[in-house]
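Worksheet: the structure to be examined is printed underneath.
Any read-out appearing in this document is the output of simple, stated calculations on the displayed coordinates, not a laboratory observation. Everything numeric here is computed off the predicted structure, so don't read it as measured data. Note that each Cβ is placed from the backbone with ideal geometry, even for glycine, and that neighbours are counted across all protein chains shown.
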Amino acid sequence: MNKRSTAIKDYFLRDINPVIRFLIVSVTILSGASGLLGPIFALFVEDFVVGGNEAVAGLAAGIYLLTRSVLQIPIAHMIDKIRGEKDDFWIMFVFTVLASVAPIAYLLINTPLELYIVQFMLGCFTAFTYPTYMAIFTRHIDKDKEGTEWGVYFTLTDLLSAVFGALGGYIASEKGFAPLIIGVSVMGLFGSLLLFPIRPYIRMKLKKSS
C-alpha cells in the first residue's frame, strides 16, 4: 500500500528538485521583504509624502494592484507563445531584481504624484515576474507532489510574511522608515539572486504540444 501521509522532510525542501527548491526559497525571502513594509505602508505615506493620508495610500495601493492585474494576462499570453524557458528565466530574473530595488525610490519622492508613478512602475515590474515564475514552477513541479510543493510554497511565504510584518513595524518605530526600506531592497535583491542557481536546469526549448 502506498504511503498517504506527507513526509516531514518535504516541508524542509528535501527530496524536492533543485528548481522548485530555489524558486520556493527565493519567493519566500521576497515575500518576507515585502512583508517588512506592506502592513505599515499607509504610515510611511503619511510620514514621507507631503499631503499623504489614508486616501493617498489607498489610491497608491490600488494603482499598483490595477497595473499588475491588467498587464499580467497579456504578459502571460506572450510567455506562453515563447517556446523555451531561457527567455522566461531572464524575464523573471531581470524584473524580479528591478522590483526588488524599486522601493529605494520611496526615499526619493515627496508628492503623491511621484508615489503613484513609483507604484505604477512597481506594478509593471511585478506583472512580468508572476507569470514567468508560475510558468517555470508549473513545468518543473515534481510528479505526484504537486499538492505538497504548492502547499510548502504558500505555507513558507505566508509564515515569513507574518514574521517580517511584525518585524517591520518594530524596525520602523525604533530606526525609522529609511533603514526599513533599504532593508526591504537588500533582502529582496538577495532573494532575487537565489533565482540564478536554477539557470543550468532551464530547458532551452520546450516540446510543442500535439
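Structure notes:
- Filtered residue count, the stretch 140-158, keeping only those that are part of a helix (DSSP H, G or I) and surrounded by 14 or more Cβ atoms within 10 Å (Cβ to Cβ): 9
- Matching entry among PHE95, PHE48 (being hydrophobic (A, V, I, L, M, F, W, C) and more than 16 Å from LEU195 (Cβ to Cβ)): PHE48
- Of all the listed residues (ALA178, ALA162), the sole one being in a helix (DSSP H, G or I), touching a residue at least 60 places away in the same chain (Cβ under 8 Å) and under 17 Å from the mean Cα position of the chain (by Cα) is ALA162.
- Residue count for the stretch 79-93 satisfying the condition of being in contact (Cβ under 8 Å) with a residue 24 or more places away in the chain and either part of a helix (DSSP H, G or I) or surrounded by fewer than 20 Cβ atoms within 10 Å (Cβ to Cβ) (or both): 10.
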